[in-house]
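Okay, structure first, notes after.
The values are calculated or read from the model by the stated rules, or taken from the named source; none is laboratory data. Quick caveat, the model's predicted, so the values are computed rather than measured. Virtual Cβ from ideal backbone geometry, glycine too; neighbours counted across all protein chains shown. For accessibility, only protein heavy atoms count, side chains too; no ligands or nucleic acids. Shrake-Rupley method; radii C 1.70, N 1.55, O 1.52, S 1.80 Å.
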Amino acid sequence: MSGFAVGPSFEPQTVIVKGAPAGMSLELALNGTSVATATPDAQNLATLTVPQASALTAETRTNVFVDRCATLRRVHLAGAALAPPPEGGCVRD
């Protein structure tokens, strides 16, 4: 995965993943809870959007972590004290 972007906090939070290999599963977790999944398209891009009911507020300070697993990339949006450790042989970036 070569990059990602997070949209402004006053709009629905969207993570765009670039460079994900074909066949890779992608997951977006908000404070440790999975809220969206996707797979990359032919251009190796994928979009993960936080459902409105789970969206962060404009005043939330958020950290971004990426877990690299064998067939999964998990993007975590989490408060400083809420970042869960990587699971099952995954490596955190």
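Annotations for the structure displayed:
- Looking only at the range 21-43, and only at residues there that are of a type in the set (A, V, I, L, M) and over 16 Å from residue 92 (Cα atoms), the one that is farthest from the chain's Cα centre (by Cα): 42
- Scanning the range 33-48 for residues that are open to solvent by 50 Å² or more (accessible area, probe 1.4 Å) and either closer than 18 Å to residue 84 by Cβ or modelled with pLDDT under 90 (or both) yields 33, 34, 37.
- Annotation note: Cβ proximity below 9 Å between a residue of the range 20-47 that is assigned to a strand (DSSP E or B) and a residue that is of a type in the set (Lys, Arg) and exposed (fewer than 15 other Cβ atoms within 10 Å of the Cβ) (sequence gap 6+ or interchain) occurs for 45/18; 46/18.
- If the condition is being at pLDDT 90 or above and not in a loop (DSSP other than H, G, I, E, B), then the range 77-91 contributes only 91.
- Residues that are surrounded by fewer than 16 Cβ atoms within 10 Å (Cβ to Cβ) and either at pLDDT 90 or above or within 14 Å of residue 17 (Cβ to Cβ) (or both) occur in the range 52-64; there is at least one.
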